[in-house]
Amino acid sequence: IFPNRPDMLSEQGLGRALASFIGTKTGLKNYKVIPSKKKIIVDSSVNMRPYTACAIIKNIKFTDERIKDIMQIQEKLATTHGRNRKKSAYGIYPLKGITFPIQYIAKDPKKVMFHPLGFNKKIPAHQVEDLHPMGKKYSNIAKEWKKYPFFIDATENILCMLPYTNSHDTGKIDLDTTEVFIECTGNDLENIKVALNIFVTMFADMGGDIYSLDIEYHNAKGKQKTITTPNLSPKEKLIDLERINKLLGLNLDTRQATKWLERMGFGTKKTKEGLK
């Protein structure tokens, strides 16, 4: 499992790739994304970690093993793809009790009371770095920050404090959870889009349904742009078969190239320009 294949860090991602490689289910796997018509509002104050990509999963059935899988992929992906949370970090929450729209906003931690996961009471948010295990572990990421990013829903319910921990009030995923909210945040939009795609396809392979969210980015003057995530549309690239044969020392024709590409999980089609 190489760094350029973070999708294989999950059991479902590895199984998907292996099934294609051994010829059981070859070619591109397609996933359906249903519009939720719900939104995330990104405030201009979040300049320390300005990007987010989010989604909803419904009709998912959890087991103890699946919950462990989710915890593992979160940590493994944050360590590798997220560069120990410096580049990106990810949160997964029970959807029950969360009211949209959700605001992604930066606030002065001295002015916020926050109930960290695992604590029995609320504390001033600035104390998380000293008192919470994740605050101590990742405080170096935020050493220059004056404010901290929070996800806050429409009822002022704080979902998490970044880059540290979820809120105890939001709760953990358990065996009764059937719907989840996923957020990925970071300083590189493409990085978090990839992370989100890994999460949602993992859940889809567990039997869940993927719902998109509209992400509204705001600047000081108001709404700037809106993107919809996740985007699972395949990317197309023209295959230069002559160059591939030269590099590999082979003599593959279009039929052979199609066979091997599909074995690696790619979809192929013939066009006027050539093989894509």
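Structure notes:
- Tallying residues that are open to solvent by 20 Å² or more (accessible area, probe 1.4 Å) and either closer than 20 Å to Lys39 by Cα or among the small types (Gly, Ala, Ser) (or both) within segment 223-248 yields 9.
- Scan of segment 3-15 for residues that are without any contact (Cβ under 8 Å) to a residue 40 or more places away in the chain and either closer than 18 Å to Gln72 by Cβ or open to solvent by less than 30 Å² (accessible area, probe 1.4 Å) (or both), ordered by number: Arg5, Met8, Leu14
So that you can scan it fast, the table gives a plain yes or no per residue for (1) buried (at least 16 other Cβ atoms within 10 Å of the Cβ); (2) touching a His at 6+ places or on another chain (Cβ under 9 Å); (3) touching a residue at least 60 places away in the same chain (Cβ under 8 Å):
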{"residue": "Val128", "(1), (2), (3)": "yes, no, no"}
{"residue": "Phe151", "(1), (2), (3)": "yes, no, yes"}
{"residue": "Ala154", "(1), (2), (3)": "no, no, no"}
{"residue": "Cys160", "(1), (2), (3)": "yes, no, yes"}
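- Within segment 38-47, the residues that satisfy the criterion of being touching a strand residue (DSSP E or B) at 6+ places or on another chain (Cβ under 7 Å) and in a loop (DSSP other than H, G, I, E, B) are Asp43, Ser44, Ser45, Val46.
- Pair list, Cβ under 6 Å, 6 or more apart: segment 48-71 residue polar (S, T, N, Q), other residue assigned to a loop (DSSP other than H, G, I, E, B): Asn59/Gly208
- Among the residues of segment 70-81, at least one is assigned to a loop (DSSP other than H, G, I, E, B) and either among the polar types (S, T, N, Q) or out of contact with any Pro (no Cβ under 6 Å at 6 or more places or on another chain) (or both).
- Single residue of segment 91-122 satisfying the filter (small (Gly, Ala, Ser), within 23 Å of Phe199 (Cβ to Cβ) and touching a residue at least 60 places away in the same chain (Cβ under 8 Å)) that is most open to solvent (accessible area, probe 1.4 Å): Gly97
- Those residues of segment 16-37 which are part of a helix (DSSP H, G or I) and exposed (fewer than 15 other Cβ atoms within 10 Å of the Cβ), in sequence order: Leu18, Ala19, Phe21
- Residue match in segment 76-89 (condition: farther than 18 Å from Ala154 by Cα and either β-branched (Val, Ile, Thr) or more than 19 Å from the chain's Cα centre (by Cα) (or both)): yes
- Considering Gly135, Gly186, Gly171, Gly82, the condition of being open to solvent by less than 30 Å² (accessible area, probe 1.4 Å), farther than 30 Å from Asn59 by Cα and not basic (Lys, Arg) is satisfied by Gly135 alone.
- Test: Ile105 is in a strand (DSSP E or B) and not basic (Lys, Arg): yes
- Checking every residue in segment 200-209 against the condition of being over 21 Å from Asn30 (Cα atoms), in a loop (DSSP other than H, G, I, E, B) and of a type outside the set (Gly, Ala, Ser) gives zero matches.
- Sole exception among (1) basic (Lys, Arg); (2) surrounded by 14 or more Cβ atoms within 10 Å (Cβ to Cβ); (3) in contact (Cβ under 8 Å) with a residue 24 or more places away in the chain for Lys146, by number: (2)
The values are calculated or read from the model by the stated rules, or taken from the named source; none is laboratory data. Keep in mind that what you see is a predicted model, and the values were worked out from it rather than measured. Methodologically, a virtual Cβ is constructed for each residue, glycine included, from the backbone with ideal geometry; neighbour enumeration extends over all protein chains shown. Note: areas computed on protein heavy atoms with side chains; ligands, DNA, RNA excluded. Shrake-Rupley method; radii C 1.70, N 1.55, O 1.52, S 1.80 Å.
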